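In what follows, a single structure is set out as structure tokens and then discussed.
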Amino acid sequence: MNTTGRRQRGVVTIEYALMLMFGLVPLLLFTFSGVLIMAAQQTLATASAEGARASLRFASNDERRVAACEAARRSMQWLLEFSGQSPSCTGGGSGAIVVSAATPCTGLPAASCITVTVSYDYRNHPFLPGTGRVYGWVMKDVIRSVAVAQLDLGNSN
């Protein structure tokens, strides 16, 4: 084999390594972060639903709000730990978890409802460094999930 053939094989190896480094690896990292974003959205949906469900177990409105906040906090614990947040559940929560006071339900004003809203700020707490800005053009706002629990049946008249 001549010297030119050996040099060509070396060039192909270098081109393949560069293609992997600058082509495939970033693609896999963005795919991985996209999967984590979907997992975060699923976690938030579960947390808001669990919070709404927990609000149905207690009698007073303050107990309902605290129970809803604590259930949501347990369900989204990994996100809270990752972002370094520790929302207080006193008075219905704040920041990443907000539980509204009992208000008349939309469409059924005789009944009262509690709204559980959970959120995660991906732009300030990205799973991979630098992807907060990259995904910023797609995700203009925080990732959020809302669930509503009807606390009573209202007036049947």
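No value in this document is a laboratory result; all are computed from the given coordinates. Owing to the predicted nature of the structure, the values given are computational and were not obtained by experimental measurement. As a convention, Cβ positions derive from the backbone with ideal geometry for all residues, glycine included, and neighbour counts pool all protein chains shown.
Worth a mention:
- Extension gain, Ile14 to Glu63: 0.36 nm times the residue separation minus the Cα-Cα distance gives 11.2 nm.
- In loop segments of segment 1-104 as defined by DSSP, the trypsin sites (Lys or Arg not before Pro) with at most 14 further C-beta atoms inside 10 Å of their C-beta are Arg57.
- Only Lys, Arg, Asp and Glu carry charge here, each on its Cβ (+1 for the first two, -1 for the last two); on that basis the chain has a dipole of about 640 debye about its Cα centre.
- At R0 = 22 Å, FRET efficiency that the Cβ-Cβ distance of Asp152 and Gln42 yields, to 0.05: 0.15
- Across segment 1-146, the volume of the C-alpha convex hull divided among the residues equals 133 Å³ per residue.
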